[in-house]
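J.: Pasting a structure here, questions to come.
Bear in mind that the values in this text are calculations on the coordinates, not laboratory data. Here the structure is a predicted model, which is why all the values come from computation and not from measurement. As a convention, Cβ positions derive from the backbone with ideal geometry for all residues, glycine included, and neighbour counts pool all protein chains shown.
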Amino acid sequence: MLDCAHGATYHIAPSVFRELGAEVSLIGATPDGLNINREVGSTHPAALRAAVIQQGADLGVAFDGDGDRVLLVDSDGREIDGDDILYLIARDRHARGELGGGVVGTLMTNFGLAAALEAMGVPFERAKVGDRYVMERLAINGWQLGGESSGHIVCGHVQTTGDGIVSALQVLAFMVREGKSLQRLLDGLEKAPQALVNVRLTPGSDARAVMAMPALQETVSEVEAELGDEGRVLLRPPVPSR
């Protein structure tokens, strides 16, 4: 089941997957110039989850409007995000001796992915949030694989930028080689509970000054000490609008 978000992949993705032998059903593949990402695609995965369950599909693939991001849905309707996809590609390429170094994630990458890669003996590094920072660290380290939880994955052994179709095909190739479902291939990844909280400041407040307050820093240190090596705290100021 492909969800093309009424966007850039609506024509090419079905052709690619069908040519490779998949039985394809579509949603989000009728763009009219105004409906891109409207209640479909990787930013609205509920539509794909429902379609996968309704049709009994083996796999769902959701692209975003411009096609550089991808999320998957397994046959039970469970969402497979960018961290899961990074794990699957890294596990496959590492097992075949083709990973080409370590993996780059971001400050938002799930703690469980870092632990799973460490257990495999795969180096892991966090970059600032944003695909350009991921690609920067890949270039500096000479590594090939990196990405974000949002589903923007860079498969450097294939090309130099994120491409949702390419990323999805890496996972599908792994499934075919192993003859296993997504559920079974993800057995080695235990995602850590993760909470994202937006804190609204009073108008005119300086977010960076608030983050530097001694009381806040002391509280963060106390929580980090309690978590030890089993968790982490991340505070990020708002990103200025462009």
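J.: What is the Cα coordinate range of the chain on the first, second and third principal axes, sorted by size from largest, in whole angstrom?
T.: 59, 45, 33
J.: In the range 77-165, what percentage of the DSSP-assigned beta bridges are antiparallel, given to the nearest 5?
T.: 35
J.: Can you tell me the convex hull volume per residue for the range 2-80, based on C-alpha atoms, in Å³ to the nearest whole number? Numbers along the way, then the final one.
T.: Details: hull volume 6.0 nm³, N = 79.
Output value, Cα hull per residue: 75 Å³.
J.: Give, rounded to the nearest 20 debye, the magnitude of the charge dipole that the range 195-242 has about its Cα centre when Lys and Arg contribute +1 at Cβ and Asp and Glu contribute -1 at Cβ.
T.: 500
J.: Looking at the chain as a GNM with Cα springs under 10 Å, which of ARG184, ARG126, ARG93 has the largest mean-square fluctuation?
T.: ARG184
J.: Just rank LEU48, LEU235, fewest to most, by other beta-carbon atoms within 10 angstrom.
T.: The order, fewest Cβ neighbours first, is LEU235, LEU48.
J.: Hey, another quick one. Express in whole angstrom the spacing between the alpha-carbon centres of the range 53-84 and the range 163-216.
T.: Centre-to-centre distance over Cα atoms comes out at 15 Å.
J.: Scan the range 1-95 for GluC sites (Glu not before Pro) in coil per DSSP, keeping those whose Cβ has at most 11 other Cβ atoms within 10 Å, and list them by number.
T.: Here the sparse-neighbourhood loop sites are GLU23.
J.: Could you go through the range 66-72 in sequence order and give the Karplus-derived ³J(HN,Hα) for each residue, using 6.51 cos²θ - 1.76 cosθ + 1.60 with θ = phi - 60°, rounded to whole Hz, and x for Gly and Pro?
T.: Per residue, the Karplus-derived 3J(HN,Hα) values read 9, x, 8, 10, 8, 10, 10 Hz.
J.: Sum -39500 (n - 2.57) across every DSSP H segment of at least 4 residues in the chain, then divide by the residue count to get the 222 nm mean residue ellipticity, nearest 500.
T.: Here the helix-only value at 222 nm equals -11000 deg cm²/dmol.
J.: What ranking, highest mean first, results for peptides 153-165, 59-71, 200-212, 113-125 when packing means the other Cβ atoms within 10 Å averaged over each residue?
T.: In descending order of packing, they fall as 59-71, 153-165, 113-125, 200-212.
J.: Continuing with this model, one more query. Among 101-107, 10-16, what's the highest-first ranking by average C-beta atoms within 10 angstrom per residue?
T.: By packing density, highest mean first, the sequence is 101-107, 10-16.
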